[in-house]
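Colleague: Input: one structure, supplied below.
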Amino acid sequence: MTTIPNMLQENVDYELIPNRKDHWDIRILKGIFVETVINFGVVRMNEKTGIMNFDFNLVYSPDEDLKTDNIDLQKHCGKILESVLIGATQNEN
């Protein structure tokens, strides 16, 4: 199994939950964004920079002031996406 230092773990740091649109939402289970629910939109590779870009939606947060432009939330969602993608590629084998 591939591991990255400080990589988040499904069902420990976050959990996948089905939504009403046949997609998946993600509930954050630990840290400063606990109980916040997000889902990812477009994930794409920027060919010029080699950096992956992604969009996400804030479905729910107990913090009424939390918005998607929060840099710490963006970084945390990036770590969740990293974990989801690595988990998905390892489950293919």
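The values are calculated or read from the model by the stated rules, or taken from the named source; none is laboratory data. Everything numeric in this text was worked out from a predicted model, so none of it was measured. FYI the Cβ positions are ideal-geometry reconstructions off the backbone, even for glycines, and counts take in every protein chain you see. Only protein heavy atoms, including side chains, enter the accessible area calculation; ligands, DNA and RNA are left aside. Shrake-Rupley method; radii C 1.70, N 1.55, O 1.52, S 1.80 Å.
Colleague: If I ask for residues that are small (Gly, Ala, Ser) and either closer than 16 Å to residue 42 by Cβ or outside any loop (DSSP other than H, G, I, E, B) (or both), which ones from segment 56-82 would you list? Steps first, please.
Modeller: We begin by selecting, within segment 56-82, every residue small (Gly, Ala, Ser); these are 61, 78.
Across segment 56-82, the qualifying residue is only 78.
Colleague: Could you please find all residues in segment 37-87 being open to solvent by 80 Å² or more (accessible area, probe 1.4 Å) and hydroxyl-bearing (Ser, Thr, Tyr)?
Modeller: Scanning segment 37-87 gives 49, 60.
Colleague: So the check is Cβ under 6 Å with 6+ separation or different chains; which pairs have a first residue in segment 58-75 that's without any contact (Cβ under 8 Å) to a residue 40 or more places away in the chain and a second one that's surrounded by 11 or more Cβ atoms within 10 Å (Cβ to Cβ) and of a type outside the set (A, V, I, L, M, F, W, C)?
Modeller: 58/68; 61/36; 62/35
Colleague: Now, a different point. With respect to residue 90, determine if the residue is surrounded by 10 or more Cβ atoms within 10 Å (Cβ to Cβ), under 21 Å from residue 15 (Cβ atoms) and free of Cβ contacts under 8 Å to residues at least 40 places away in the same chain. Before you say what the answer is, go through the steps one by one.
Modeller: Details: surrounded by 10 or more Cβ atoms within 10 Å (Cβ to Cβ): yes; under 21 Å from residue 15 (Cβ atoms): yes; free of Cβ contacts under 8 Å to residues at least 40 places away in the same chain: no.
Against the criterion (surrounded by 10 or more Cβ atoms within 10 Å (Cβ to Cβ), under 21 Å from residue 15 (Cβ atoms) and free of Cβ contacts under 8 Å to residues at least 40 places away in the same chain), residue 90 does not qualify.
Colleague: Pull out all pairs, ordered by first then second residue, where Cβ-Cβ is under 9 Å, the residues are six or more apart or on different chains, the first lies in segment 9-35 and is outside any loop (DSSP other than H, G, I, E, B), and the second is open to solvent by 100 Å² or more (accessible area, probe 1.4 Å) and at pLDDT 95 or above.
Modeller: 14/30; 25/60; 27/60
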